[in-house]
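Written below as structure tokens is the structure these notes are about.
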Amino acid sequence: MFFMKSDNSGSYTLRVLFVEPPKDFWFVMGEYIPPPFGVLTLAAYLETNNKDVEVEVIDCQAEEMSWEKLEKRIEAFQPDLVAPSGLGTCNVYNVLQTTNLTKQTSPEAKTVVGGQHFTALADETLKTQQNVDFIIRGEGEQTLAELVNSLEKDRPLDSVAGLSFRHKDHVIHNQDRKLIQDLNFLPMPAYNHVQQHMKKYYFALMANKNTHFAIIEGSRGCFNKCSYCSQWKFWRETQRSKSPKRIADEIEYIHTEYGTKFFWLTDDDTDLGPRMNELCDEIIGRELNDDVTWFIQARCDEIMQARDLVPKMREAGNVWMLLGFDGPGAQTFEKFRRKRTNQSTAKESVELLSKNNILVQGTFIIGQRDDSESTKLQRQTVG
Ligand code: B12
Ligand code: SF4
């Protein structure tokens, strides 16, 4: 059913191409080039669990690659499977453009997409996008490895949990896959696939243009249920964390191996309890804080609860926090189900962090249906 190259021994090697497509930047964050962290995570797991697979990662941002050049690169690699990086709804057209290019240049290759958007809209996507062959719903690592395995062995796909695909005129959604129990068992993200670009990744606003930047995942999911957010639903109302030691190991490894000095921790809602205390101890104990700084996303009420820990976090290298302020007025917090945040914790947490020399960046939601001139003024006052 699928077309693969065989070596002399008769075994098959599936060629999997991960692509971070050309995309627009988030202009409020200034100039930056991020490493394609999602696909590096997937590539690492795939290679660890399938020794035969041949993997390449193309990072169009780092290579400043146009769609025309990408087309040539896809053609040259002769992939069996192309997997573009997801990262939310705003990149969907770029993902679909990558699947369209793949089918133009290599009609025999299969395409697989994943992430928040395609998980929520798997049915609609497979019904309308003929160039998307497979959708991996939810957590990607195990389902992708199993899909690749099944394709290599030409096994039926209906037992691959977490997979959606077309069969004849039907769209099939296999049962959901259980979440990975312990994230500490995930291999180190495959930064080796982009090692030639490691000195190109930067985040000018948070560090500077010459400070190399990488992404690290400390946990998955969030226990809050803010009404506008897809994360808690995507991760099924759970939160799983890597151990502080494992996170420090990742920081140390990437710093030592590639000279990276600034880290973005992806946690949706960073736990500021004993885990953070332990992480700070790990970082300070290894003297990494002499050299590295880091960024987290957190909630105002948790910062106030962890107020005694804030100076230690700063000492360990935390220089920037992103907080959700949503909008002015108690009714906004209530409307968005942000029950634990309120105007006073928002104000106090900004004061506390500023006092500790941690830069605070706040996000607001604008364009609500009941927004008016007066809410605009209130927002300016809060801002
Ligand atoms: C780091 C980050 C960024 C970085 C970008 C890093 C990069 N590589 O490009 C920056 C700061 C630039 C950024 C910008 C934006 N971001 Co952002 N970002 C994140 C963050 C914190 C981490 C992403 C990450 O690496 N996670 C770890 C990886 C391993 O998880 P993952 O991506 O979900 O991937 C897993 C599965 O989803 C699946 N999967 C994902 N992709 C694929 C693809 C295939 C082929 C397969 C098989 C599986 C698969 O498998 C993976 C492993 O299990 C997430 C929140 C989060 N915690 O994930 C928000 C998040 C992705 N961002 C979000 C948003 C909204 C934005 C912006 C649009 C913000 C804005 N208002 O403009 C911009 C978009 C910029 C752009 N053009 O891309 C939303 C997306 C929501 C949605 N449903 O669309 C998120 C989920 C935050 C949130 N709380 O809602 N972001
Ligand atoms: S706290 Fe953040 S990640 Fe969690 S549900 Fe709310 S917006 Fe989403």
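The values are calculated or read from the model by the stated rules, or taken from the named source; none is laboratory data. Owing to the predicted nature of the structure, the values given are computational and were not obtained by experimental measurement. Ideal geometry is used to build each Cβ from the backbone, glycine not excepted, and the neighbour counts take in all protein chains shown.
General remarks:
- If you filter the range 311-331 down to residues that are surrounded by fewer than 22 Cβ atoms within 10 Å (Cβ to Cβ) and assigned to a helix (DSSP H, G or I), you find that the one that is nearest to the chain's Cα centre (by Cα) is ARG314.
- Residue count for the range 139-154, restricted to those that are within 13 Å of ligand 1 (Cβ to nearest atom) and part of a loop (DSSP other than H, G, I, E, B): 2
- Any hit, the range 181-202, residues being within 20 Å of the chain's Cα centre (by Cα), hydroxyl-bearing (Ser, Thr, Tyr) and either surrounded by fewer than 17 Cβ atoms within 10 Å (Cβ to Cβ) or outside any loop (DSSP other than H, G, I, E, B) (or both): yes
- With respect to the conditions (1) under 28 Å from ARG166 (Cα atoms); (2) more than 14 Å from ligand 1 (Cβ to nearest atom), ASN49 lacks only one, and its number is (2).
- Entry remark, the range 221-257: residues being of a type outside the set (A, V, I, L, M), part of a helix (DSSP H, G or I) and more than 11 Å from ligand 1 (Cβ to nearest atom) number 10 in total.
- The one condition in (1) part of a helix (DSSP H, G or I); (2) in contact (Cβ under 8 Å) with a residue 60 or more places away in the chain; (3) within 16 Å of ligand 2 (Cβ to nearest atom) that GLU302 fails to fulfil: (2)
- Yes/no for ASP308 being within 12 Å of ligand 2 (Cβ to nearest atom), over 20 Å from the mean Cα position of the chain (by Cα) and not in a loop (DSSP other than H, G, I, E, B): no
- Among residues of the range 23-36, those that are assigned to a loop (DSSP other than H, G, I, E, B) and out of contact with any Leu (no Cβ under 7 Å at 6 or more places or on another chain), counted: 8
- The range 103-132 residues that are under 15 Å from ARG166 (Cβ atoms), paired with ones that are among the aromatic types (Phe, Trp, Tyr) and assigned to a helix (DSSP H, G or I) (beta carbon under 9 Å, 6 or more apart): THR125/PHE118; VAL132/PHE118
- Checking each residue in the range 222-240 for being buried (at least 20 other Cβ atoms within 10 Å of the Cβ) and under 29 Å from GLY285 (Cβ atoms) picks out only CYS222.
- Of all residues in the range 85-129, exactly one satisfies the criterion of being of a type in the set (Phe, Trp, Tyr) and surrounded by fewer than 19 Cβ atoms within 10 Å (Cβ to Cβ), namely TYR93.
- Test set (1) more than 16 Å from ligand 2 (Cβ to nearest atom); (2) surrounded by 20 or more Cβ atoms within 10 Å (Cβ to Cβ); (3) outside any helix (DSSP H, G or I) - CYS280 fails condition number: (3)
- Residue match in the range 159-179 (condition: away from ligand 2 (no atom under 16 Å from the Cβ), closer than 19 Å to ALA43 by Cβ and modelled with pLDDT under 95): no
- Of everything in the range 44-60 that is crowded, with 20+ Cβ neighbours inside 10 Å and touching an Asp or Glu at 6+ places or on another chain (Cβ under 8 Å), the residue that is farthest from VAL148 (Cα to Cα) is CYS60.
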